[in-house]
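Please treat every number below as a calculation from the coordinates, not as lab data. Because the structure is a prediction, the values reported are computed rather than measured. Glycine also receives a Cβ, built like all others from the backbone with ideal geometry; neighbour counts cover every protein chain displayed.
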Amino acid sequence: MQQQVVSYSQVPTAPTYRGGTNSNQAVPNFINKTYTIVDDPGLDKWIFWHESNDSFIINNSNEFAAEVLPKYFKHNNYSSFVRQMNMYDFHKTRTVQN
């Protein structure tokens, strides 16, 4: 069985939500939840920060969708999660097959 590892990072020209230029700007709920997921060491089996801390890695997207997404969102659809990430200017940077 092949395992897919996908790395995502935010496009450098996109506005940053953590410490952005407008301190009154509310952080979107999706960004808050995604940050919480990535930052939770209990979920490192599925999602974790890249060693550079400027991107995160999703390890085995099928398991991630089945085990993690329903705990934070009203769905377990990985494609919907990716669409939301793209909406906030996060994009896939690479895929590694093990």
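Details
- Residues located in the range 49-98, provided they are within 12 Å of the chain's Cα centre (by Cα), more than 18 Å from ASN29 (Cα to Cα) and of a type in the set (D, E, K, R): ASP54, LYS92
- The set of residues in the range 49-70 that are out of contact with any helix residue (DSSP H, G or I) (no Cβ under 7 Å at 6 or more places or on another chain) and either without any contact (Cβ under 8 Å) to a residue 12 or more places away in the chain or of a type in the set (A, V, I, L, M) (or both) comprises GLU51, SER52, ASN53, ILE57, ALA66, PRO70.
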